[in-house]
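A short write-up of the structure that comes next.
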Amino acid sequence: MTMNVIRLVSTARPWQISTFAVLLTSIIVSGFSLLFHGRVTSDYLITGAFAALAVCYVIMTLLYHHRESLWESRTRLNGVISSAMDAIISTDNEQRIVLFNQAAETMFRCPAAQVIGQDITRFIPERFRAAHREHVRRFGESGVTNRTMGSLGTIQRLRADGEEFPAEAS
């Protein structure tokens with residue numbers, strides 16, 4: 001049984017492991033409640049408590065390794081994004097900027113700290129904003145775009161100082 005629990009926990013997602021740990025803690029508390037009311041012997045409870053502690057140790061170790069793995073992945077991704085020669089801008093589902101790399105800072109002539117959380121349309125000339133919003137709305141409804149990778153062509157963008165310039169988007 002212990003091997004089955006370890007196998008189950010080792011393939012689980014972090015939120016599943018956390019849920020399992022909460023359930024295990026509830027079982028331990030329930031066991032002490034049963035002991036207090038005289039419905040179970042202390043030997044049985046002590047054996048169960050040691051087994052539960054062993055499983056908790058395994059769970060905590062796996063959570064630590066999941067966290068370390070996630071940290072390494074994020075560090076690698078941040079390195080790739082920050083060293084990219086192309087401007088990389090990412091938005092959330094409300095079109096607010098959540099990522100703005102150094103190349104984007106250079107291209108749009110403004111620091112990331114000024115644009116994070118701002119609407120992406122600040123970099124789209126006024127005459128194109130309605131079309132952009134419509135495209136985003138259609139994509140949000142259908143999940144399909146009529147654009148194909150690499151075939152968008154040149155579009156106009158707007159720098160922080162108001163200067164328009166041609167750019168490619170994907």
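The values are calculated or read from the model by the stated rules, or taken from the named source; none is laboratory data. Note that the structure is predicted; figures quoted are calculated from it, not measured. Because the Cβ atoms are built from the backbone with ideal geometry, glycine has one as well, and the counts that use them run over all protein chains shown. Heads up: the accessible areas ignore ligands, DNA and RNA and are worked out on the full protein's heavy atoms, side chains in. Shrake-Rupley method; radii C 1.70, N 1.55, O 1.52, S 1.80 Å.
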Q.
On a 1.4 Å probe surface of the protein chains, which of L63, L70 comes out largest in accessible area, and what is the full order?
A. L70, L63
Q. If you stretched the chain out fully between R129 and I88, how much longer would it get, using 0.36 nm times the residue separation minus the C-alpha to C-alpha distance?
A. 12.8 nm
Q. Taking K and R as +1 and D and E as -1, what net charge do the other residues with C-beta under 15 Å from the C-beta of R74 add up to?
A. 0
**Q.** Computed lengthening from A167 to S73, 0.36 nm per intervening residue step minus Cα-Cα distance
**A.** 30.8 nm
